[in-house]
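Contents: one structure, followed by commentary.
Coordinate-derived values only; no laboratory data. None of these values were measured; they are calculated from a predicted model. Reconstructed Cβ throughout: ideal geometry from the backbone, glycine too, with neighbour counts over all protein chains shown.
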Amino acid sequence: MVQNPCKYLDSIAEIAISAGAAIMDIYRENFDVQHKGDGSPLTRADLVAHNLIRQALQKLTPELPLLSEESRDISWQERSGWHTYWLVDPLDGTKEFVNRNGEFTVNIALISSKRPVMGVVYAPVYDILYTGCEGVAATRTEKSGPVEKIGVRHYTGSRPTVVTSRSHHSEALDHVIERINESQGEAEILSMGSSFKLCLVAEGKADIYPRMGPTSEWDTAAAHAVVNAAGGRVTNLKGKELQYNKKDLLNPWFVVSNSDYDWLPLINDTR
């Protein structure tokens with residue numbers, strides 16, 4: 001186990017910002033879009049950011065393995081022996097990148113004992129950096145301004161603010177929002193791309209982010225660390241914290257919220 005994972009925060013922030021700069025160089029150009037086997041988009045920016053982060057992490061911590069969205073073919077047989085490793089999404093929100101709406105991020109997390117103990121999320125278009133580490137307050141820094149401590153907000157029990165995915169919608173989510181509207185009053189809906197959604201809960205701009213659809217471990221890990229450090233939680237629909245380095249790298253459906261209100265009875269209501 002890595003002693004004091006927070007010692008890497010500054011270095012990881014620099015790596016994420018450097019990857020973001022490389023992404024922005026391509027974002028300003030006319031770029032080609034390919035598609036992976038599952039139909040999801042892939043651009044040169046994904047690969048450039050992956051290689052930059054991989055090389056920087058190998059230099060920083062040569063003893064730690066790396067799992068990235070762009071290196072997802074590492075076998076379970078190899079991964080099953082990992083205790084501490086880097087989990088990276090070099091460009092989270094490729095659809096948002098292709099659509100040029102700015103809502104994409106660079107995600108770098110340190111996983112230890114199946115939990116995200118440190119994470120950095122960087123949004124290059126907006127120049128916003130989020131950090132989170134166990135035992136240290138979560139932070140938000142915008143446009144190289146002052147570092148601000150952030151925390152989840154206390155839910156007062158009426159008209160919640162709900163974050164939803166801009167690019168991924170589902171019938172199950174519609175049902176959840178209907179139940180929230182019936183029980184808590186009509187919700188304010190914020191549609192957002194990438195791991196921004198988790199960070200909006202972490203910084204107290206939203207009460208809940210219910211994800212009733214597929215995501216992978218690299219989509220959530222870095223922002224999960226930010227949410228934890230901000231006093232929130234990321235759990236499956238049984239109330240258990242999301243785990244990492246599973247044999248199947250897909251996440252279950254999950255809920256991001258503060259820690260003082262239990263949304264699960266409402267979300268699991270199957271009326």
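Here region 161-267 carries DSSP beta bridges of which approximately 65% are antiparallel, counting only pairs with both residues inside. For the chain, CYS199 stand unpaired, since no other cysteine beta carbon lies under 4.7 Å from theirs. Our note on the geometry: Cα centres of region 94-111 and region 115-134, 12 Å apart. Among the listed pairs LYS114/LYS240; LYS59/LYS114; LYS7/LYS149; LYS95/LYS238; LYS36/LYS238; LYS149/LYS205, those with a Cα-Cα distance over 20 Å are LYS59/LYS114; LYS95/LYS238; LYS36/LYS238.
For region 189-271, just say rounded, prolate or oblate: build the C-alpha gyration tensor, square-root its eigenvalues into a ≥ b ≥ c, call rounded for a/c under 1.5, and beyond that prolate if a/b exceeds b/c, oblate if not. Rounded is the answer for region 189-271, as its axis ratio a/c remains below 1.5.
Exposed loop GluC sites (Glu not before Pro) only (DSSP loop, at most 15 other Cβ atoms within 10 Å): please give the longest stretch of the chain free of them, not including the sites.
64-185
Within a straight-line Cα-Cα reach of under 12 Å, LYS143 can be paired with the following aspartates and glutamates, leaving aside sequence neighbours fewer than 8 residues apart in one chain: ASP127. Among the trypsin sites (Lys or Arg not before Pro) found in region 207-240, those both in a DSSP coil and sparsely packed, with 11 or fewer other Cβ atoms within 10 Å of their Cβ, are LYS238, LYS240.
Mind sorting CYS199, CYS133 by how few other Cβ atoms lie within 10 Å of their own Cβ, fewest first? Spell out each step's value before the answer.
On the way: CYS199 29, CYS133 25.
Going from least to most buried by this count: CYS133, CYS199.
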